[in-house]
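Structure first, then comments.
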Amino acid sequence: MASFVIEGGHRLKGVIEPQGAKNEALEVIAATLLSAEPVRLTNIPDILDVNNLIRLIADMGVSVTKNGAGDYTFCADHVDLNYLHSEEFLQRCTQLRGSVLLMGPLLARFGRASMAKPGGDKIGRRRLDTHFLGFRHLGADFVFDEKAGVFTIEAKALRGTYMLLDEASITGTANIIMAAVLAQGTTTIYNAACEPYIQQLCKLLNKMGAKISGIASNLLTIEGVECLHAAEHRILPDMIEIGSFIGMAALAGDGITIKQVSYDDLGLIPDTFRRLGVRIERQGDDLFIPAQPHYASETFIDGSFLTMADAPWPGLTPDLLSVLIVVATQAKGTVLFHQKMFESRLFFVDKLIDMGAQIILCDPHRAVVVGHNHALKLQARRMTSPDIRAGIALLIAALSAEGTSIIDNIEQIDRGYERIEERLGALGAVIKRID
């Protein structure tokens, strides 16, 4: 287990460029299994979760060629179907949440997929019902071996149909789309997730020969095709990392420019930070966050204090609530945060409370943050990162705190953020990685 030692109080200044989007990368890498022809993907982030998925599909028999930094060509012309039923494969799936995205492509192309219950962040229940209900709508049979913890899904032939998803699950929508592109007939998916990364997946599949319409809406129509072919695709910058850098610039920045953010794909993220009083200047496709000695959160029109809640796209992504909470600790004003999707994601606030933040954890889903207005600095502490997003939030808090903090279990941060200590070090942060 590795740790970060962070010397707080250093002001950060300069230019930083976001990595490729983690969630999109996991989806489009899985999609390469749908074709026996080469698919080239660029702007792939060099992070633990993505690298583990690349190694996993390589061991499945997919030819993986690294053309350069973040530039890979995948060719799934000789997939080892026997390996997909091995204990080794199932065991590796338990260590990687993104492995669930392999089920749709494998089912569509080979008629069968087995998967152990996937791993990932410990942020509460993350059910898979939407995935399997969608596969069933397409005509697949589903079996769950509760003792072994193994899901098996198989179908002689998938057939297009209409379905109304029980929730706008991002990975569920991605899996169903990938299964439906090779199904016979037309599939209509209502209440589909429509995040930019789902849009990107659909655009890649269309380049490969799929026929998907309704992209960017929650109503997708997919005309099944017999096979998919070669294509090239560039992954968007990671909106969660961009939001993390905005929060970092607000708390510890002395003028930071975030380059090439694909602004039109950020949705509510910039305006959400602005509601906390953070100044953000758009400069073409870049963002500049100036130094701010003080910032004040808005109130509602009737004077009541601000409430921020996560919601499916185009609502606020739940992955940024942890960062927004840290930013709110130094704002002037009080904010209620409502984390609706995951019941364990707010438990990290006890570490912020230990650092001196004024936070009331009302229940597993709600926390009230009373901002310090920079009158009371956070104090350095030793902490443990419970998941990717809480980990980066604690790192931001440590950068702004007085004294030297230690964050343990930083492998969680490595799962989602590429060489974060080096990139922040270039801005003036003092961070050391130790075993």
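The values are calculated or read from the model by the stated rules, or taken from the named source; none is laboratory data. None of these values were measured; they are calculated from a predicted model. All Cβ positions, even for glycine, are placed from backbone atoms using ideal geometry, and neighbour counts span all protein chains on display. These accessible areas exclude ligands, DNA and RNA; they are computed on the full protein's heavy atoms, side chains included. Shrake-Rupley method; radii C 1.70, N 1.55, O 1.52, S 1.80 Å.
Proximity of backbone amide H atoms, modeled 1.01 Å from N, is registered between residue 309 and 338 at under 5 Å, excluding neighbours fewer than 5 places apart on the same chain. For the stretch 173-327, the normalised intensity computed at q = 0.11, 0.14, 0.19 Å⁻¹ comes to -0.55, -0.78, -1.09 (log10 of I(q)/I(0), Debye sum over alpha carbons, equal scatterers, no solvent).
Pair-distance distribution P(r) for the stretch 22-234, from all Cα-Cα distances in 10 Å bins starting at 0: 9, 38, 40, 13, 0 percent. With both residues required to sit in the chain, DSSP beta bridges show an antiparallel share near 70%.
Here the simple spin-label model places points 7 Å from the Cα toward Cβ, and for residue 78 and residue 226 these points are separated by 2.6 nm.
Across the stretch 389-394, rounded Karplus estimates of 3J(HN,Hα) from the backbone phi angles (6.51 cos²θ - 1.76 cosθ + 1.60, θ = phi - 60°) give 6, 5, x, 5, 5, 5 Hz, Gly and Pro being marked x.
The relative contact order of the stretch 22-234, computed from alpha carbon pairs under 8 Å that lie at least 6 residues apart in sequence, is 21 percent. Once both labels are positioned 7 Å from their Cα atoms along Cα-to-Cβ, the gap between residue 254 and residue 375 label points is 2.6 nm.
Centre-to-centre separation between the Cα atoms of the stretch 319-333 and those of the stretch 180-252: 29 Å.
Semi-axis lengths, largest first, of the ellipsoid equivalent to the stretch 180-233 are 17, 15, 6 Å, with √(5λ) applied to each eigenvalue of the Cα gyration tensor.
Within the full protein context, the accessible area of residue 295 is estimated at about 10 Å² for a probe radius of 1.4 Å. Relative to the longest principal axis of the Cα atoms of the chain, helix 239-252 runs at roughly 10 degrees. For the chain, adding -39500 (n - 2.57) for each run of n ≥ 4 DSSP H residues and dividing by the number of residues yields -8500 deg cm²/dmol at 222 nm.
Rounded to the nearest 10 square angstrom, residue 236 shows an accessible area of 30 square angstrom against a 1.4 Å probe. Keeping to pairs on different chains or 8 or more places apart, tell me how many lysine pairs in the stretch 40-193 have Cα atoms under 30 Å apart. Lysine pairs meeting both conditions in the stretch 40-193 amount to 5.
Per-residue Karplus couplings for the stretch 65-78, computed as 6.51 cos²θ - 1.76 cosθ + 1.60 with θ equal to phi - 60°, are listed in order as 10, 8, 7, x, 4, x, 10, 10, 10, 10, 9, 9, 8, 9 Hz, Gly and Pro entered as x. Listed by chain and number, the lysines whose alpha-carbon sits under 19 Å from that of residue 203, ignoring those within fewer than 8 places in the same chain, are 22, 211. Stokes-Einstein diffusion of the chain at 4 °C, 1.567 mPa s viscosity, Kirkwood radius from Cα pairs, rounded to a whole number: 58 µm²/s. Nonpolar atom fraction for the stretch 1-147, defined as the carbon and sulfur part of the 1.4 Å probe accessible area, stands at 46 percent.
Using alpha carbons only, the radius of gyration of the stretch 381-435 set against its Kirkwood radius gives Rg/Rh = 0.91.
Counting Lys and Arg as +1 and Asp and Glu as -1 over every other residue whose Cβ lies under 14 Å from the Cβ of residue 199, the net charge comes to -2.
Amide H contacts under 5 Å for residue 415: 48, restricted to partners 5 or more places along the chain or on a different chain, H placed in the peptide plane at 1.01 Å from N. Modelled label positions at residue 402 and residue 186, each set 7 Å beyond Cα in the direction of Cβ, lie 6.7 nm from each other. Only aspartates and glutamates eight or more places from residue 259 in sequence, or on another chain, were considered; those with a Cα closer than 14 Å are 17, 238, 241, 281, 285, 286.
Under the rule a/c < 1.5 gives rounded, and otherwise a/b versus b/c splits prolate from oblate, where does the stretch 29-68 land using the Cα gyration tensor? It is oblate, given that a/c is not under 1.5 and a/b is not larger than b/c.
I want the local charge near residue 421. Using Cβ-Cβ distances under 9 Å, sum +1 for each Lys or Arg and -1 for each Asp or Glu among the other residues. Every neighbour counted, the sum reads +3. Note that the stretch 205-270 carries a Kirkwood radius of 15.0 Å, evaluated over its alpha carbons pair by pair.
Dividing the mean sequence gap of close Cα pairs (under 8 Å, 6+ apart) by how many residues the chain holds gives a relative contact order of 21 percent. With R₀ set to 30 Å, the beta-carbon distance separating residue 360 from residue 142 gives a calculated FRET efficiency near 0.10.
3J(HN,Hα) along the stretch 134-150: x, 4, 4, 4, 7, x, 8, 9, 10, 10, 10, 8, 5, 5, 7, x, 10 Hz, from the Karplus curve 6.51 cos²θ - 1.76 cosθ + 1.60 with θ = phi - 60°, whole Hz, x for Gly and Pro. Counting heavy atoms of the protein chains alone, residue 65 has an accessible area of about 70 Å² for a 1.4 Å probe.
Taking amide H positions as modeled 1.01 Å from N, with prolines and chain starts lacking one, the residues under 5 Å from residue 232 and 5 or more places away or on another chain are 40.
Just so you know, the averaged projected area of the alpha carbon convex hull for the stretch 268-381 sits at 7.8 nm².
Probing with 1.4 Å while keeping every protein chain in the model, the per residue accessible area of the chain equals 39 Å².
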